[in-house]
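**Student:** One structure coming up, written as structure tokens, with questions to follow.
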Ligand code: GAL
């Protein structure tokens, strides 16, 4: 290849890669949508930022404060720029970003790769460059880019336009694609965004959480550092599921290397939910540098991984230093599973002995050889263990 041709090839590759240095680990933070929907304003955002500090969530690793749909006014200004809704955000987004940054946190914003957002407000298709520029000038650190009201251009084309616009601002902006799993997004999005929604919207109900988990779980091979499958935001704390189901939701999202965006009202988060959200041992599984998504190993039942509710389901992920995490999920609606004996070999683990730690009870079970016993997993609950070399 001539050197000119080589240079041209490298330039084209550079332009068409994401390579924004973001998302080396899944983002941790808060988003307004699952609790507030369109009922947002600058006070809600400031209070969320304050709560992230005061409740110890920042210390646990959460650092994004993300505004979802409904922040923008009904019309662009004379220069064609998006403007914040003057009633909800009278001091503008820049001032809000400054407030959030002053707490050592980052600010996220939302738009759609269509002519209007899902709530019918102005969106960014055809305005990518001007919108990316204004967000960068406000100090925005994260963009969630939705899929409502688009034209006939394909997802890969529409989402790449915003990737290039964000890159050209020179600001580091995490790019979250929200195309609900359409056009098999996981097959092309790692060159476009830092994460991609693999499913429709989650609801604060066990069946919704389970269905979404199943769809996302089988896509494990597509997740890696810099680009993650996104089975949607957390419902923990919103009150629609028993605490056992919230433990399952949190543990499996963490091990799936999903973005972990809290979706409840942090000014009123119940104590048992806060305890889940603050579980640093489980958050560490999400932030582990190997960056692999967990995969079902035992009692997976069929190719979509979760239909087996008559046996405990074992999901395994490799961690740094050849350690592992094992989740044991009870999808059964009525029966607790008790005293389950499982061999390391059945979980495809390479060693015969491990030290086993229960990450909900924060309790070491000591070095264990060949098999270990899971004492009990209640209805819809998930036990989580970290296995380190004995
Ligand atoms: C949906 C999206 C939700 C939320 C909503 C806002 O398309 O999946 O997470 O952003 O739009 O209107």
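The values are calculated or read from the model by the stated rules, or taken from the named source; none is laboratory data. Keep in mind that what you see is a predicted model, and the values were worked out from it rather than measured. All Cβ positions, glycine included, derive from the backbone under ideal geometry; neighbour counts span all protein chains shown.
**Student:** Would you say residue 161 is away from the ligand (no atom under 16 Å from the Cβ), assigned to a helix (DSSP H, G or I) and closer than 28 Å to residue 219 by Cα?
**Tutor:** Considered against the rule, which asks whether it is away from the ligand (no atom under 16 Å from the Cβ), assigned to a helix (DSSP H, G or I) and closer than 28 Å to residue 219 by Cα, residue 161 comes out as yes.
**Student:** Please work out which one of (1) assigned to a helix (DSSP H, G or I); (2) closer than 15 Å to residue 145 by Cβ; (3) within 16 Å of the ligand (Cβ to nearest atom) is the condition residue 180 fails and give its number.
**Tutor:** (1)
**Student:** Kindly indicate whether residue 61 is closer than 30 Å to residue 284 by Cβ, part of a loop (DSSP other than H, G, I, E, B), out of contact with any strand residue (DSSP E or B) (no Cβ under 9 Å at 6 or more places or on another chain) and touching a residue at least 60 places away in the same chain (Cβ under 8 Å).
**Tutor:** Taking the combined requirement at face value, the residue does not satisfy it.
**Student:** Within the group 200, 193, which residue is surrounded by fewer than 20 Cβ atoms within 10 Å (Cβ to Cβ), within 15 Å of the ligand (Cβ to nearest atom) and not in a helix (DSSP H, G or I)?
**Tutor:** 200
**Student:** Output the number of residues of the stretch 64-106 satisfying the condition of being part of a strand (DSSP E or B) and either out of contact with any strand residue (DSSP E or B) (no Cβ under 8 Å at 6 or more places or on another chain) or within 16 Å of the ligand (Cβ to nearest atom) (or both).
**Tutor:** Result for the stretch 64-106: 4.
**Student:** Considering every residue within the stretch 69-85, establish whether at least one is surrounded by fewer than 24 Cβ atoms within 10 Å (Cβ to Cβ) and touching a residue at least 60 places away in the same chain (Cβ under 8 Å).
**Tutor:** Yes: the stretch 69-85 contains one or more residues that are surrounded by fewer than 24 Cβ atoms within 10 Å (Cβ to Cβ) and touching a residue at least 60 places away in the same chain (Cβ under 8 Å).
**Student:** For the stretch 294-329: of the residues being at pLDDT 95 or above and not in a strand (DSSP E or B), which is surrounded by the most Cβ atoms within 10 Å (Cβ to Cβ)?
**Tutor:** Of everything passing the filter in the stretch 294-329, 294 is surrounded by the most Cβ atoms within 10 Å (Cβ to Cβ).
**Student:** Same structure, new question: Quick check: anything in the stretch 115-135 more than 16 Å from the ligand (Cβ to nearest atom), closer than 23 Å to residue 233 by Cα, outside any strand (DSSP E or B) and in contact with a helix residue (DSSP H, G or I) (Cβ under 9 Å, 6 or more places away or on another chain)?
**Tutor:** Yes: one or more hits.
**Student:** Filtering the stretch 225-235 down to residues that are more than 16 Å from the ligand (Cβ to nearest atom) and in a loop (DSSP other than H, G, I, E, B), which residue is surrounded by the most Cβ atoms within 10 Å (Cβ to Cβ)?
**Tutor:** Residue satisfying both the conditions and the ranking: 226.
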